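Below is one structure, written out as C-alpha coordinates; comments come after it.
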(Lines give C-alpha, C1' and ligand atoms only; values in the text may rest on other atoms or scores of the structure.)
Protein backbone atom coordinates (compact mmCIF):
# COMPACT_ATOMS: atom_id res chain seq x y z
CA UNK A 1 0.00 0.00 0.00
CA UNK A 2 1.32 3.39 -0.89
CA UNK A 3 1.46 6.07 1.74
CA UNK A 4 -0.23 8.23 -0.92
CA UNK A 5 -3.34 10.11 0.07
CA UNK A 6 -5.37 8.77 -2.87
CA UNK A 7 -4.90 5.12 -1.89
CA UNK A 8 -5.46 5.83 1.79
CA UNK A 9 -8.67 7.76 1.11
CA UNK A 10 -9.90 5.01 -1.24
CA UNK A 11 -9.31 2.32 1.42
CA UNK A 12 -11.08 4.32 4.13
CA UNK A 13 -14.00 5.15 1.83
CA UNK A 14 -14.43 1.51 0.86
CA UNK A 15 -14.46 0.57 4.54
CA UNK A 16 -17.04 3.26 5.35
CA UNK A 17 -19.19 1.97 2.52
CA UNK A 18 -19.65 -1.31 4.45
CA UNK A 19 -21.56 0.48 7.23
CA UNK A 20 -25.15 -0.78 7.44
CA UNK A 21 -27.65 2.05 7.02
CA UNK A 22 -25.04 4.46 5.65
CA UNK A 23 -26.73 7.80 4.88
CA UNK A 24 -25.70 10.03 1.97
CA UNK A 25 -22.07 11.11 2.12
CA UNK A 26 -20.65 14.47 1.10
CA UNK A 27 -17.38 13.17 -0.32
CA UNK A 28 -14.46 15.58 -0.19
CA UNK A 29 -14.23 17.89 -3.23
CA UNK A 30 -17.55 16.71 -4.68
CA UNK A 31 -20.74 18.71 -5.18
CA UNK A 32 -23.39 17.79 -2.62
CA UNK A 33 -26.90 19.04 -1.87
CA UNK A 34 -28.29 17.79 1.45
CA UNK A 35 -31.89 16.63 1.39
CA UNK A 36 -34.24 18.44 3.75
CA UNK A 37 -34.79 16.55 6.96
CA UNK A 38 -32.34 13.72 6.21
CA UNK A 39 -29.02 13.08 7.99
CA UNK A 40 -25.79 12.89 6.04
CA UNK A 41 -22.05 12.53 6.56
CA UNK A 42 -19.25 14.85 5.48
CA UNK A 43 -15.83 13.35 4.81
CA UNK A 44 -12.54 15.17 5.45
CA UNK A 45 -9.09 13.62 5.26
CA UNK A 46 -6.29 15.48 7.03
CA UNK A 47 -2.86 13.97 6.32
CA UNK A 48 -0.30 15.05 8.88
CA UNK A 49 3.32 13.97 8.75
CA UNK A 50 5.31 11.33 6.87
CA UNK A 51 8.57 10.78 8.76
CA UNK A 52 11.27 8.29 7.88
CA UNK A 53 11.76 5.68 10.61
CA UNK A 54 14.99 4.00 11.75
CA UNK A 55 14.20 0.87 9.70
CA UNK A 56 13.93 2.95 6.49
CA UNK A 57 10.13 3.01 6.37
CA UNK A 58 7.99 6.01 5.62
CA UNK A 59 5.09 6.25 8.04
CA UNK A 60 2.21 8.51 7.07
CA UNK A 61 0.00 9.74 9.90
CA UNK A 62 -3.33 11.48 9.54
CA UNK A 63 -6.95 11.93 10.53
CA UNK A 64 -10.01 10.77 8.64
CA UNK A 65 -12.95 12.76 9.97
CA UNK A 66 -16.59 12.00 9.36
CA UNK A 67 -19.05 14.64 10.50
CA UNK A 68 -22.57 13.41 11.20
CA UNK A 69 -25.16 16.03 10.25
CA UNK A 70 -28.66 15.71 11.69
CA UNK A 71 -31.44 18.26 11.28
CA UNK A 72 -31.98 20.52 14.29
CA UNK A 73 -35.17 19.76 16.17
CA UNK A 74 -34.86 16.00 15.62
CA UNK A 75 -33.78 13.37 18.11
CA UNK A 76 -30.10 13.70 18.98
CA UNK A 77 -29.95 10.00 19.81
CA UNK A 78 -30.22 9.04 16.13
CA UNK A 79 -27.13 11.12 15.35
CA UNK A 80 -25.27 9.80 18.38
CA UNK A 81 -26.12 6.20 17.42
CA UNK A 82 -24.84 6.79 13.88
CA UNK A 83 -21.63 8.36 15.25
CA UNK A 84 -21.15 5.38 17.59
CA UNK A 85 -21.68 2.96 14.67
CA UNK A 86 -18.97 4.74 12.68
CA UNK A 87 -16.64 4.63 15.69
CA UNK A 88 -17.22 0.87 16.01
CA UNK A 89 -16.60 0.33 12.30
CA UNK A 90 -13.21 2.06 12.56
CA UNK A 91 -12.09 0.27 15.73
CA UNK A 92 -8.44 0.55 16.88
CA UNK A 93 -5.69 -1.87 15.79
CA UNK A 94 -7.65 -2.85 12.68
CA UNK A 95 -5.86 -2.88 9.32
CA UNK A 96 -7.99 -1.80 6.36
CA UNK A 97 -6.27 -2.42 3.00
CA UNK A 98 -2.89 -1.55 4.48
CA UNK A 99 -4.14 1.38 6.56
CA UNK A 100 -3.72 0.83 10.30
CA UNK A 101 -6.46 2.41 12.39
CA UNK A 102 -5.03 3.88 15.58
CA UNK A 103 -8.16 5.13 17.32
CA UNK A 104 -11.65 6.44 16.69
CA UNK A 105 -13.44 8.91 18.94
CA UNK A 106 -16.80 10.67 18.88
CA UNK A 107 -16.26 14.35 19.68
CA UNK A 108 -18.57 16.99 21.15
CA UNK A 109 -21.38 18.00 18.81
CA UNK A 110 -22.15 21.57 17.83
CA UNK A 111 -25.10 23.50 16.49
CA UNK A 112 -24.87 25.09 13.03
CA UNK A 113 -28.53 25.70 12.06
CA UNK A 114 -30.25 23.99 10.41
CA UNK A 115 -27.86 21.18 11.42
CA UNK A 116 -26.43 19.61 14.54
CA UNK A 117 -22.96 18.21 13.75
CA UNK A 118 -21.24 15.35 15.58
CA UNK A 119 -17.60 14.77 14.51
CA UNK A 120 -16.08 11.29 14.47
CA UNK A 121 -12.30 11.39 14.31
CA UNK A 122 -10.32 8.38 13.06
CA UNK A 123 -6.53 8.46 13.48
CA UNK A 124 -4.65 6.30 10.98
CA UNK A 125 -1.14 5.41 9.85
CA UNK A 126 0.30 3.82 6.72
CA UNK A 127 3.75 2.22 6.37
CA UNK A 128 5.83 1.86 3.20
CA UNK A 129 9.45 0.99 2.52
CA UNK A 130 11.46 4.05 1.55
CA UNK A 131 12.55 3.46 -2.03
CA UNK A 132 14.14 6.88 -2.55
CA UNK A 133 17.86 7.41 -2.93
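Going by the structure shown, is residue 12 more than 22 Å from residue 114 (Cβ to Cβ) and either out of contact with any helix residue (DSSP H, G or I) (no Cβ under 9 Å at 6 or more places or on another chain) or not in a strand (DSSP E or B) (or both)?
yes
Please give the number of the condition residue 47 fails out of (1) over 16 Å from residue 18 (Cα atoms); (2) within 12 Å of the chain's Cα centre (by Cα); (3) modelled with pLDDT of 95 or more.
For residue 47, the exception is condition (3).
Which residues, taken from the range 1-20, are surrounded by fewer than 11 Cβ atoms within 10 Å (Cβ to Cβ) and modelled with pLDDT of 95 or more?
Applying the first criterion (surrounded by fewer than 11 Cβ atoms within 10 Å (Cβ to Cβ)) to the range 1-20 yields 6, 17-18, 20.
Once the filter is applied, which keeps residues that are surrounded by fewer than 11 Cβ atoms within 10 Å (Cβ to Cβ) and modelled with pLDDT of 95 or more, the range 1-20 yields 17, 18, 20.
Condition check: out of contact with any helix residue (DSSP H, G or I) (no Cβ under 6 Å at 6 or more places or on another chain) and more than 12 Å from residue 63 (Cα to Cα). Does residue 116 satisfy that?
yes
What single numbered condition from (1) at pLDDT 95 or above; (2) over 14 Å from the mean Cα position of the chain (by Cα); (3) under 25 Å from residue 59 (Cα atoms) fails to hold for residue 109?
Result: residue 109 passes all but (3).
For the range 15-32, enumerate the residues that are at negative phi and out of contact with any helix residue (DSSP H, G or I) (no Cβ under 9 Å at 6 or more places or on another chain).
First, the residues of the range 15-32 that are at negative phi: 15-20, 22-28, 30-32.
17, 24, 26, 30, 31, 32 - these are the residues of the range 15-32 that are at negative phi and out of contact with any helix residue (DSSP H, G or I) (no Cβ under 9 Å at 6 or more places or on another chain).
Take the range 53-83 and flag every residue that is more than 24 Å from residue 10 (Cβ to Cβ) and surrounded by 15 or more Cβ atoms within 10 Å (Cβ to Cβ).
Within the range 53-83, 70, 71, 79, 80 qualify.
The values are calculated or read from the model by the stated rules, or taken from the named source; none is laboratory data. Given the structure is predicted, the values throughout are model-derived calculations rather than measurements. Note: ideal-geometry Cβ built from the backbone for every residue, glycine included; neighbour counts use all protein chains shown.
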